[in-house]
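The values are calculated or read from the model by the stated rules, or taken from the named source; none is laboratory data. In this text, all values refer to a predicted model and were calculated from it rather than measured experimentally. Reconstructed Cβ throughout: ideal geometry from the backbone, glycine too, with neighbour counts over all protein chains shown. Keep in mind that these areas ignore ligands, DNA and RNA; they rest on the heavy atoms of the full protein, side chains included. Shrake-Rupley method; radii C 1.70, N 1.55, O 1.52, S 1.80 Å.
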Amino acid sequence: MSAFRSLSWAMALGLLRDRTAVFFMLIFPLMLLALFGVLFQNESTSRSAIVQVGDVAVLDDLPEAEFAALSDALTIEKTADRERALEEVREGDVDAAVWEEDGRVQLRYSAADAARAGTVQGLMRSVVQGANLAATGLPATYELATDQVEDKSVKAIQYFTPGLLGWAIAMGASFMSAFTLVQWRRKRILRRLWLAPVGPGTVISARIGVSLAFSFVQVAIFLAVATMPYFGLKLTGNWWLSLPLVACGTLSFMSIGLLIGAWAKSDEAANGALQVVIMPMAFLSGSFFPTGDMPGWLSTVADFLPLAHLNTSLQDVLSRGGGWGDALPVMGGLLLFTAVVTAVAARLFRWDST
Amino acid sequence: MIDNTAAIDVRGLRKRYGDVQAVDGVTFEVARGEFYGILGPNGAGKTTTLELVEGLRQPDEGSAHLLGEPSWPRSKRLLRRIGVQLQASAFFEKLTAREQIHTFAALYGASRERADAMLDTVGLTEKRDVRDDKLSGGQAQRLSIACALVHDPELVFLDEPTTGLDPQARRNLWDLLRGINSTGRTVVLTTHYMDEAELLCDRVAIMDAGRILRVGPPADLIRELGANNLEDVFLQLTGREYRE
């Protein structure tokens with residue numbers, strides 16, 4: 001076996017046998033993806049709920065087609081107990097209670113959620129007016145024509161898949177390169193390799209090769225999970241551009257790991273420094289929640305974070321139909337970041353931990 | 001093939017770290033096939049001297065030639081001819097004994113069969129599927145020596161290979177080291193055990209404070225100085241007890 005292949009093999013085996021590392025770099029982000037996918041699955045269809053007490057003619061006599069259309073926006077529960085229904089409204093379990101008394105349709109709502117209250121009032125008013133018009137037997141003077149447009153808004157899964165994937169890649173690449181450096185220095189493998197007839201290029205390319213391979217495995221598994229019908233991620237045409245993007249992102253996170261590994265004297269120090277850097281970076285880069293409402297100065301900070309740019313462009317190419325125009329500038333920026341941080345790391349580099 | 005250049009030719013090596021003159025003008029020569037010991041207490045400059053000789057560090061002054069070639073700057077051709085054991089812990093993470101030596105074999109272009117044979121030579125065939133952190137101290141030392149020998153080097157450096165071992169494990173290792181030397185290889189050993197040097201080495205260099213105080217066969221040094229053993233020799237040369 002060549003030196004390159006055997007070094008790559010040694011690093012890959014070392015990684016796969018490190019259960020903690022595999023858990024935190026692969027399983028844990030996947031668990032979050034599954035969790036977020038389930039939690040936010042019905043986010044866009046938040047229907048209003050009302051309780052119908054006894055018979056209400058305008059609702060009971062609604063033609064089936066209109067009732068079905070109403071059900072898209074409104075859940076109707078039935079009960080005989082008015083007091084209980086009102087109690088549920090007060091406690092916020094339902095948005096309104098409705099009953100019929102002496103030919104009047106009575107609606108009681110809570111003002112706690114003004115938007116919901118407004119929606120329920122509007123819906124019930126249209127039902128009552130529709131019934132009034134039908135009672136006159138006259139044709140309608142005005143008609144409302146509706147149609148659906150193609151939906152380009154970002155669904156939860158389309159947002160979380162690129163964000164969590166970016167975070168997983170950032171953790172994997174930075175932790176692996178930092179720990180390789182710190183452990184190899186501590187165990188004197190760096191010096192041992194210096195005394196073996198292999199060039200630094202061979203060692204570095206083996207490390208980069210293994211990290212890239214691991215990142216691509218992360219991409220494959222993430223996309224396989226997110227595109228399952230249950231989670232429902234729809235990939236757009238240029239989704240494969242995520243691969244070169246992830247490759248550039250991996251290099252930039254490896255450079256962060258190199259910098260921390262060059263500075264840290266022990267595994268614990270490296271671990272601490274990585275957590276302090278990667279977690280806030282993931283939050284500011286929108287890996288866990290949208291950062292559109294961030295104060296201006298925080299957005300400025302985020303502009304310097306490679307993960308922020310990786311997340312945005314991953315989202316563009318994976319689920320928003322983005323192409324080379326979205327990906328290329330980001331790749332260039334990530335490579336520039338890599339070059340600068342690696343140069344700083346090289347200046348800090350030491351052979352020995354003492 | 002007859003090659004008359006010395007296995008090691010070191011002249012006037014100096015190395016300073018900040019205020020500490022770690023190596024202060026070291027000169028010595030090791031003949032082909034010789035078993036050479038560098039002796040001294042911790043902090044005497046043994047390890048730095050060895051690192052300069054191996055080419056791990058650049059000397060401030062002086063030169064070191066191994067097998068006729070300068071060891072600094074680094075030369076892959078020379079590195080193929082020398083074997084280095086740094087410490088028993090210089091292993092890759094989470095690999096078994098067999099995977100470790102196969103990796104080192106690949107770095108030197110040695111075959112897997114050769115690696116397995118080497119594992120057998122140091123008596124680790126039964127432990128080949130054990131990970132490095134589960135090996136005993138003696139087993140780890142033997143594995144690291146096997147890794148240093150896997151490409152059949154002409155010159156071998158061993159840095160304190162018996163440190164931290166129990167007496168039985170040390171004796172087992174001595175047999176192994178004698179065997180390595182008897183096949184014609186040049187062996188350089190650093191140690192702070194006098195008895196070890198006395199038993200194994202053809203010649204020893206006694207170091208203290210970055211300098212070589214005396215070089216010679218252990219028996220000659222003992223006779224010249226009228227000492228009972230190397231421990232007394234050290235006491236006579238430095239005026240202090242050997243053990244800190």
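Key figures for this structure:
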| item | result |
| --- | --- |
| Descending principal axes extents, the range A:1-151, alpha-carbon based, whole Å | 90, 39, 25 |
| Other-chain or far-sequence residues with amide H under 5 Å of B:Gly40's (modelled H) | B:Thr191, B:Met207 |
| Descending principal axes extents, the range A:48-136, alpha-carbon based, whole Å | 38, 26, 18 |
| Theoretical FRET efficiency, 1/(1+(r/R0)^6), r = Cβ-Cβ of B:Arg16 and B:Asp202, R0 22 Å, to 0.05 | 0.10 |
| Highest-MSF residue in chain B out of B:Gly55, B:Gly137, B:Gly179 [GNM, Cα springs under 10 Å] | B:Gly179 |
| Gaussian network model of chain A, Cα within-10 Å springs - most flexible of A:Gln158, A:Gln41, A:Gln148 | A:Gln148 |
| Over chain B: Rg over Rh, Cα atoms, Kirkwood Rh | 0.96 |
| With every protein chain in place, the protein assembly as shown: carbon and sulfur % of accessible area (1.4 Å) | 55 percent |
| More than 17 Å apart - percent of Cα-Cα pairs taken over the range B:178-244 | 40 percent |
| From phi via Karplus (6.51, -1.76, 1.60), per-residue ³J(HN,Hα) for the range A:130-146 in Hz, x at Gly/Pro | x, 5, 4, 4, 4, 5, 6, x, 8, x, 6, 6, 10, 10, 9, 9, 10 |
| Estimated FRET transfer efficiency when R0 is 22 angstrom, pair A:Asp72-A:Arg108 (beta carbons, to 0.05) | 0.40 |
| Solution diffusion estimate, µm²/s, Stokes-Einstein, chain A, Kirkwood Rh from C-alpha pairs, 37 °C, viscosity 0.692 mPa s | 135 µm²/s |
| Rg to Rh quotient for the protein assembly as shown, alpha carbon positions, Kirkwood Rh | 1.24 |
| Filter on A:Lys265/B:Lys134; B:Lys15/B:Lys94; A:Lys265/B:Lys94; B:Lys15/B:Lys127; A:Lys187/B:Lys127 - keep pairs with C-alpha separation over 29 Å | B:Lys15/B:Lys94; B:Lys15/B:Lys127 |
| Under Karplus coefficients 6.51, -1.76 and 1.60, residue-wise ³J(HN,Hα) of the range A:230-244 in Hz, glycine/proline x | 4, 8, x, 6, 9, 7, 8, x, 9, 4, 5, 4, 5, 5, x |
| Spherically averaged projected area in nm², based on the convex hull that wraps the Cα atoms of the range B:165-214 | 4.0 nm² |
